[in-house]
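The values are calculated or read from the model by the stated rules, or taken from the named source; none is laboratory data. For clarity, every value in this text was computed on a predicted model and none was experimentally measured. Neighbour counts are summed over all protein chains in view; Cβ atoms, including those assigned to glycine, are modelled from backbone coordinates with ideal geometry.
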């Protein structure tokens, strides 16, 4: 059995770790990630030592450690395998692959092996939907899993081979860029956007941003210029720039490709924002599933500092000081919400804040903070170089520019597609080789379920807004199973802060399960509608507001998917107590009427 780390070793290592992070409480999550990297889990002695060195109440440290799904307070094995459980992974057979893996290693899903060598479990979408089934092995992504790869991985674990020495082909992640437009087509010279901002001045760049009509690419579509101006006009001793690279929406993976291909453009957009807002500090909040990109991104930041594009007196401009710090997430979908992300940046659980005030007025450390996603900052950099008119020439009036879509599911060519806003769903389906498309989930589970009768609708803020997910279901797919997957996702990812979301997502999951298992009734459908209304109107943040979307969309657009599962009764309990007592009756040798419930 694995021995618990001895106390002197932990004390010394934690002291060095905390010192390296400046003993700053806001660095708590990063310290916990480093501790798990050393011990494969977070020992209780480490929690005590961290609390003493930061200093923080121990209960606060343990509360943060227990909030993030990638952190483990119990031994999780030398090898921790997390199978991606997005609906596209289900469609590609991830459950059978999990069974094969566990059978080969005599392992029970969700538990650690008796020798504490390995554990296997499911996790939410890992951002590899275009090359699934996928998994994370000690945090490293493994794609295109099949029976042969599962056998190879099992053999490597049994041989106790270090993950760093495994065949590199297991860890290949392809960009799969299938169609390009304004953003992905244009070559970008590092420094060009910053030079334009310095030469033309802040007011001129703000004018170009307004002219471009750029809206945030995270789905909500707030006007970028207005958000940045609000931040600039908010009096404060400091302002901050935050790039949201925590794209946890199932079915979305465009930011993964942008950070791999266009990181310079993204960092440039953040630096242009810093020039306009007089900000000296920026953060890239990188989702834990993309940790494999961390070293590459740090190298790009180092190169930019050497070139005078980050740091003090950027491009020789006195007083133009700005730098970027990468902050790792650890598996919490709710941290994609901007105020939850700020809480995480400050070293706390990612619980969304009450709004207003909004981050542009009171954000990180209670200072004005601009939060935009990866694609938005890349667009801002291109606008600084080419101007607002150039950007606004494509798309529609309300939705200018192009949109990068993450396309997966039932199609021949899953991957990244860039289109001008206004493109029809039908055109996208034709381009990606969709196979008898029947439904499309636009914008992930929190988005809109589009039926085959609506394929003329367009990708735009005025019709089908989306952060980028575009998941295709062919005719013959069980849409109820897809919605069931989404219901389980929201129940798992609720932060638990407010009752409507915490309880509502669990109830929604149980009712959908009941229907899928053949025990549903008409009253359950009415209960889902009532529950959805409560969650949409009373939840604290966007997660609870959006959680009923796929369920309610399906009730409206695919009623047959539910109805074929319903019984003829007005009500049927999901649990049969009399059937549950069958074992007791056999043990006692009784099966008379008195041994049964009436």
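One residue stands out among those in the range 115-131 that are in contact (Cβ under 8 Å) with a residue 60 or more places away in the chain and in a loop (DSSP other than H, G, I, E, B): the one that is surrounded by the fewest Cβ atoms within 10 Å (Cβ to Cβ), which is 115.
Only a single item in (1) farther than 22 Å from residue 331 by Cβ; (2) touching a residue at least 40 places away in the same chain (Cβ under 8 Å); (3) crowded, with 20+ Cβ neighbours inside 10 Å is not met by residue 442, and it is number (2). Note on the range 316-420: enclosed strands (runs of 3 or more DSSP E) holding 1 or more residues that are buried (at least 24 other Cβ atoms within 10 Å of the Cβ) and not assigned by TED's automatic domain parsing to the domain that holds residue 195 are 402-409, 415-420.
Pairs are defined by a Cβ separation below 6 Å, a sequence spacing of at least 6 or placement on different chains, a first member in the range 82-99 that is within 15 Å of residue 110 (Cβ to Cβ), and a second member that is assigned to a helix (DSSP H, G or I); the pairs so defined are 83/94; 83/98. Scanning the range 295-310 for residues that are in contact with a strand residue (DSSP E or B) (Cβ under 8 Å, 6 or more places away or on another chain) and either assigned to a loop (DSSP other than H, G, I, E, B) or buried (at least 16 other Cβ atoms within 10 Å of the Cβ) (or both) yields 297, 301, 310.
Scanning the range 204-242 for residues that are touching a strand residue (DSSP E or B) at 6+ places or on another chain (Cβ under 8 Å), within 30 Å of residue 448 (Cβ to Cβ), in a loop (DSSP other than H, G, I, E, B) and in contact (Cβ under 8 Å) with a residue 24 or more places away in the chain turns up 213, 214, 216, 217, 218, 221. Residues in the range 301-308: is at least one within 30 Å of residue 65 (Cα to Cα) and in contact (Cβ under 8 Å) with a residue 12 or more places away in the chain? Yes, the range 301-308 contains at least one residue that is within 30 Å of residue 65 (Cα to Cα) and in contact (Cβ under 8 Å) with a residue 12 or more places away in the chain. Taking the stated definitions as given, is residue 153 over 25 Å from the mean Cα position of the chain (by Cα), assigned by TED's automatic domain parsing to the domain that holds residue 336 and part of a helix (DSSP H, G or I)? Against the criterion (over 25 Å from the mean Cα position of the chain (by Cα), assigned by TED's automatic domain parsing to the domain that holds residue 336 and part of a helix (DSSP H, G or I)), residue 153 does not qualify. Consider residue 581 against the criteria (1) touching a residue at least 40 places away in the same chain (Cβ under 8 Å); (2) in contact with a helix residue (DSSP H, G or I) (Cβ under 9 Å, 6 or more places away or on another chain): it satisfies all of them except one. Which criterion is unmet? Single failed check for residue 581: (1).
Yes or no, residue by residue, for (1) within 18 Å of residue 76 (Cβ to Cβ); (2) surrounded by fewer than 19 Cβ atoms within 10 Å (Cβ to Cβ):
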position: 138; (1), (2): yes, yes
position: 144; (1), (2): no, yes
position: 150; (1), (2): no, no
position: 162; (1), (2): yes, yes
position: 167; (1), (2): no, yes
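Being at pLDDT below 95, within 31 Å of the chain's Cα centre (by Cα) and outside the structural domain of residue 416 (by TED's automatic domain parsing) is the requirement here; does residue 185 meet it? Yes.
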